[in-house]
1. Is one or more of the residues making up the range 118-139 in a helix (DSSP H, G or I), crowded, with 19+ Cβ neighbours inside 10 Å, within 12 Å of ligand 1 (Cβ to nearest atom) and of a type outside the set (D, E, K, R)?
2. Could you please find all residues in the range 99-117 being more than 24 Å from residue 214 (Cβ to Cβ) and either within 11 Å of ligand 2 (Cβ to nearest atom) or crowded, with 16+ Cβ neighbours inside 10 Å (or both)?
3. Out of the range 257-295, which residues are of a type in the set (Ser, Thr, Tyr) and at pLDDT 80 or above?
4. Just a yes or no: is a residue in the range 102-112 in a loop (DSSP other than H, G, I, E, B) and on the phi < 0 side of the Ramachandran plot?
5. Being surrounded by 20 or more Cβ atoms within 10 Å (Cβ to Cβ), within 16 Å of ligand 1 (Cβ to nearest atom) and outside any strand (DSSP E or B) is the filter here; which residues of the range 223-267 pass it?
6. Before we move on, is residue 58 at pLDDT 75 or above and exposed (fewer than 15 other Cβ atoms within 10 Å of the Cβ)?
7. Any idea which of (1) over 22 Å from the mean Cα position of the chain (by Cα); (2) farther than 22 Å from residue 275 by Cβ is the one residue 110 doesn't satisfy?
8. Pull up the range 73-98, narrow it to residues that are within 12 Å of ligand 1 (Cβ to nearest atom) and open to solvent by less than 10 Å² (accessible area, probe 1.4 Å), then point me to the one that is modelled with the highest pLDDT.
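The values are calculated or read from the model by the stated rules, or taken from the named source; none is laboratory data. The structure presented is a predicted model; accordingly, all values stated were derived computationally and were not measured. Every residue, glycine among them, receives a Cβ derived from its backbone with ideal geometry; neighbour counts consider all protein chains shown. Note: areas computed on protein heavy atoms with side chains; ligands, DNA, RNA excluded. Shrake-Rupley method; radii C 1.70, N 1.55, O 1.52, S 1.80 Å.
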Amino acid sequence: MARVKVIFVCQTCGAVHPRWMGKCTECEEWNTIVEEQAEQEGAHLRPAIVAAAEPVAVTDGTHISPERLSTGVGECDRVLGGGIVAGSLTLVGGDPGIGKSTLMLQISHHVAQRGGRVLYVTGEESFNQARLRADRLGTLHDNLMLLTESNVSVAARHIRSDQYCFVVIDSIQSVYTSQLPAVPGSVGQVRECANEFLRLAKGEQVPIFLVGHVTKEGVIAGPRLLEHLVDTVLYFEGENKQSLRILRSVKNRYGSTNEIGVFEMRDTGLNEVTNPSALFLNERPEGVSGSVVIPSVEGTRPLLVEVQALVGDAHAGSPRRTVTGMNPNRISLLLAVLEKRAGLHFADRDVFVNVAGGVRLDEPAADLAAALALVSSFRERPLAPHLVAFGEVGLAGEIRAVNMARQRVVEAGKFGFRRCILPKGCMKDVEIPGVEVWPVSELAQAIELALQF
Ligand SMILES: Nc1ncnc2c1ncn2[C@@H]1O[C@H](COP(=O)(O)OP(=O)(O)O)[C@@H](O)[C@H]1O
Ligand SMILES: [Mg+2]
């Protein structure tokens, strides 16, 4: 009897290793390598994604912009770059329970309502479970077909034989192809099934959404290797206990990345939040030290977010540094700059930094707001009223220019902020009626202006 060949595959990055090891040498993650049966020889010789095509001049004007299908959810359309593109393959990742199935069902319902037939393949839930959810969300429709199946070739047969406008696979980890001996959810299965759906999407020109669970921070269970295979990668994020959800595009072959859509989870489903700044500023305390609002930019959209800092006496041992919503290394850097350039000593102080509303601020423009929040709490003095601040802080304490300054000031003005501290290098085009701009080139100058009252 021929021995079955085994390989060792990393569940995080999909790298194949000749033997088991504790740490993957590709992605440097620990304990992610599992044993799998190798694919049979020749199995990699798969058919091309679409039937052989002829070369076409790039100037050929017949394929200008792709046709887009609206999801019926404005926030979702924007994240996708204007709607769902025919023949595209999209991966929707997120923690279990975050609301992926809910969102997919709501989109499916919108498409069905507009007269398009939708196939919702659920390999995770029974027909009854899926129907119960559809009932609860008010998304029952004759055009919405449920298929409780986890065999890819059965799903593929249905997709080929019927005219569907939109297909959802919930989830990619629950489906399998009988060509591989491995269990569903294993690296080989997930990769092979996703490839099959890619061929289907391109061949039948039907848009397919794959739902994928995230197991560890930022990693879709099994393979991150799906990210390069699909056209678009969306992540659905949020704190499970809070109702706020953010849909983020991290890759998009048909639109800009880093767009976000904001939703609120209710028992009747996800509701769009068209004015997230209002939501994020909702419970902001007035006249309290350690709170600064930054007009941040996510994708193309400005968003007002509150950064909070609390600086207190450290009691025992080494002082604490707890940061949520920002990069802790960035905060350490800001503390060092404040110490050196503004003479504030944090060595015997506990420092807590938090971004309100479960938002993540990853852009350097948030530096200045975080630094001012730290100083404000350190000195126990609130900032000047109606003030926002943005800018990157350099190691020499210089304030560096950031992009989209005008949009930031406009957003601040829209919400009644009347003063804005910004980098000197951002002074072009920022005269907005009702908002006073205070250009700064150094951190010390920004602190003086912000705490002047
Ligand atoms: N009967 C219910 N009533 C209200 N909310 C519910 C109910 N069932 C589920 N939910 C909400 O829906 C969420 C699960 O959403 P779901 O779309 O199934 O997530 P995912 O597909 O990402 O695992 C739960 O975390 C809960 O907040
Ligand atoms: Mg689900």
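1. In the first step, residues of the range 118-139 are kept if they are in a helix (DSSP H, G or I); the result is 127-136.
Restricting the remaining residues to those that are crowded, with 19+ Cβ neighbours inside 10 Å gives 130, 134.
Next, from what is left, pick out any that are within 12 Å of ligand 1 (Cβ to nearest atom): 130, 134.
Restricting the remaining residues to those that are of a type outside the set (D, E, K, R) gives 130, 134.
Within the range 118-139, one or more residues are in a helix (DSSP H, G or I), crowded, with 19+ Cβ neighbours inside 10 Å, within 12 Å of ligand 1 (Cβ to nearest atom) and of a type outside the set (D, E, K, R).
2. So the first thing to find is which residues in the range 99-117 are more than 24 Å from residue 214 (Cβ to Cβ), and the list is 109-117.
Residues satisfying the conditions are 109, 110, 111, 112, 116, 117.
3. Residues of the range 257-295 that are of a type in the set (Ser, Thr, Tyr), as a first pass: 257, 268, 274, 277, 289, 291.
Within the range 257-295, 268, 274, 289, 291 qualify.
4. At the first step, the residues of the range 102-112 found to be in a loop (DSSP other than H, G, I, E, B) are none.
Checking the range 102-112: not a single residue is in a loop (DSSP other than H, G, I, E, B) and on the phi < 0 side of the Ramachandran plot.
5. Result: 238, single match.
6. Values: at pLDDT 75 or above: yes; exposed (fewer than 15 other Cβ atoms within 10 Å of the Cβ): yes.
Yes: the conditions hold for residue 58.
7. That leaves (2) as the condition not met.
8. Our first condition is that a residue be within 12 Å of ligand 1 (Cβ to nearest atom); within the range 73-98, this holds for 92-98.
Checking the rest, the ones that are also open to solvent by less than 10 Å² (accessible area, probe 1.4 Å) come to 92-94, 98.
Working: 92: 94, 93: 90, 94: 87, 98: 90.
The extreme case among them is 92.
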